Amino acid sequence: MDSRTRIILLKLIKKQLLDEVSGCISTGKEANVYHALNASEEEFAVKIYKTSILVFKDRNRYVDGEYRFRRGYCRHNPRKMVAMWAEKEFRNLSRMRAAGIAVPLPVAVKGHVLVMEFLGKHMIAASTLKEVSFETLEEWEETYVSVVEILRMMYHSCKLVHADFSEYNLLLHQSKVYVIDVSQAVEFDHPMALEFLRRDCANINSFFESKGTGVFGLKQLFYLIVDKALKFSRERVRELLKERKEGVGEEDRFSDALFKELHIPRTLFEVEPEKLFTASEEQLDIIKRVAGFDEGNLKEMPETIREEHLSLIHISEPTRRTPISYAVFCLKKKKKKK
């Protein structure tokens, strides 16, 4: 622990936020987490980010293109960059907590030090899903349903994609699944948000399959999370999961294999205007589900509307940064006017 970190901790102690900082709970490539107490013997977790530039050299893809960092960030100043990363996690935790998702309560952030609720008791942290051992398969299945619900709530209620969702970043505390390590979570309109979400889905499916649990196909799980038109409930998830168990053929596996390799465009900036209407049926299906449309085919749009909208894309540069769902909305609106 360097002198700057000690100074920050002393300031937190002087403010009576903490009374003492004791042993290390966990270590990671980006941060170490320490156990702390206040004067009332309440337990806290103190996350101290490492300030090495090498640790954060691949963080650009989680920041570039995100609205919250539209004014830039200090990528050549490791201390400022890590402080911004800590603040990003504090804000993400606050947003998720407000939406009703189980996360540690964020308490304070100072520089590269984040103070939050401690999940555990007497310096023993709650177990990650990787460390958990359930006695029955039904318990694993119910946990899978909870995890699917968390992913959908993050996407629709918080407008966030975790981007590192795995059994290592999910804790089981008081029989409830908690989400941790949300510093890299991105806004749902981030250029790579849907790519990150697909990866998160694949990670979770892979883990629960290893436990013998029946899981959704990758494509079906992805649609369960992003589809605005879907009436989502835990009961509905259980029903769909039961249907999935009853019949999984080679066609489903082949479809998932194709979906895993499919490019998912998120903004018009990624798509050449001329190719917007020659996209595959699979890509159009993704666009419509993300946009919340459950009917119609974009390829049936009159040629005049296509040309009119394409010209708007060329004239207005900000429009090219707009999510594809907005482009679909514009096309639908113009078709109705005609």
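Brief remarks follow.
- Filtered by the rule that a residue be buried (at least 19 other Cβ atoms within 10 Å of the Cβ) and either of a type outside the set (A, V, I, L, M, F, W, C) or touching a residue at least 24 places away in the same chain (Cβ under 8 Å) (or both), region 109-124 gives Gly111, His112, Val113, Leu114, Val115, Met116, Phe118, Leu119.
- Number of the condition not met by Ala86 [criteria: (1) at pLDDT below 95; (2) assigned to a loop (DSSP other than H, G, I, E, B); (3) open to solvent by less than 60 Å² (accessible area, probe 1.4 Å)]: (2)
- Tyr144 vs. criteria in contact with a strand residue (DSSP E or B) (Cβ under 9 Å, 6 or more places away or on another chain) and hydroxyl-bearing (Ser, Thr, Tyr): no
- The one condition in (1) assigned to a helix (DSSP H, G or I); (2) open to solvent by less than 10 Å² (accessible area, probe 1.4 Å) that Cys158 fails to fulfil: (1)
- Within region 91-141, the set of residues being aliphatic (A, V, I, L, M), assigned to a loop (DSSP other than H, G, I, E, B) and within 22 Å of the chain's Cα centre (by Cα) comprises Ala99, Ile101, Ala102, Val103, Leu105, Leu119, Ala126, Leu129.
- Among (1) surrounded by fewer than 19 Cβ atoms within 10 Å (Cβ to Cβ); (2) more than 25 Å from Ile124 (Cα to Cα) - the single one Asp164 does not satisfy: (2)
- Residue within region 220-233 that is out of contact with any strand residue (DSSP E or B) (no Cβ under 6 Å at 6 or more places or on another chain) and open to solvent by 70 Å² or more (accessible area, probe 1.4 Å) present: yes
The values are calculated or read from the model by the stated rules, or taken from the named source; none is laboratory data. As the structure is a computational prediction, the values presented were derived from the model and not from experiment. Neighbour counts run over all protein chains shown; Cβ positions are idealised from the backbone, glycine included. Ligands, DNA and RNA are excluded from the accessible area calculation, which covers all protein heavy atoms including side chains. Shrake-Rupley method; radii C 1.70, N 1.55, O 1.52, S 1.80 Å.
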